[in-house]
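Structure first, then comments.
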Amino acid sequence: MQRLAMGIVGAGKVGSVLAARFRSAGYPIVGVSGRSDASTLRISTLLPGIEVRTPVELAEASEILILAVPDDNLIAVAEELASSGAIHPGSTSCTRAVATASTRWRR
């Protein structure tokens, strides 16, 4: 069975682990995005060989895009993706569940 290509926006504690788990389950990971030094370290440690890309590049290259970013950043990331044309109204999204899980795990 062919698996859909995934991109993960946000390489924090949740996004990096999700990417590693999906990768180990056989999903092709087209890349992850991360901006902080801690995210860069997580990517190199948990996801060797995975390309670091911008959110827009990930949206354009992925069949499944997960936004694993803090709640405070979610709207800005969604607006960036929408204004680039990489996503459009009506795109299916599960980002709220990821953001909510991320918030709960930090407590």
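Residues of segment 13-38 that are within 15 Å of Thr54 (Cα to Cα) and not polar (S, T, N, Q): Gly15, Ile29, Val30, Gly31, Val32, Gly34, Arg35. With respect to the conditions (1) at pLDDT below 90; (2) surrounded by 13 or more Cβ atoms within 10 Å (Cβ to Cβ); (3) not in a loop (DSSP other than H, G, I, E, B), Ile87 falls short on a single one, namely (3). When you scan segment 39-55, do you find a residue that is surrounded by 20 or more Cβ atoms within 10 Å (Cβ to Cβ) and within 9 Å of the chain's Cα centre (by Cα), even just one? Yes - at least one qualifying residue is present in segment 39-55.
Those helices (runs of 4 or more DSSP H) of segment 9-72 in which 2 or more residues are among the acidic types (Asp, Glu), closer than 20 Å to Gly85 by Cβ and at pLDDT 90 or above occupy 55-61.
Residues in segment 66-84 that are of a type in the set (A, V, I, L, M) and under 22 Å from Arg21 (Cβ atoms): Ile66, Leu67, Ala68, Val69, Leu74, Val77. Taking the conditions (1) in contact (Cβ under 8 Å) with a residue 12 or more places away in the chain; (2) of a type in the set (S, T, N, Q); (3) open to solvent by 50 Å² or more (accessible area, probe 1.4 Å) in turn, Gln2 satisfies each one other than (1).
Step by step: first the residues of segment 25-36, then only those that are out of contact with any strand residue (DSSP E or B) (no Cβ under 7 Å at 6 or more places or on another chain) and within 19 Å of Val77 (Cα to Cα), then the one that is most open to solvent (accessible area, probe 1.4 Å). Which residue is that? Looking at residues that are out of contact with any strand residue (DSSP E or B) (no Cβ under 7 Å at 6 or more places or on another chain) and within 19 Å of Val77 (Cα to Cα), I get Arg35.
The values are calculated or read from the model by the stated rules, or taken from the named source; none is laboratory data. What you are looking at is a predicted structure, and each value in this text was computed from that prediction instead of being measured. With ideal geometry, Cβ positions are generated from the backbone for all residues, glycine too; neighbour counts draw on all protein chains shown. Side chains included, ligands, DNA and RNA excluded: accessible areas come from the protein's heavy atoms. Shrake-Rupley method; radii C 1.70, N 1.55, O 1.52, S 1.80 Å.
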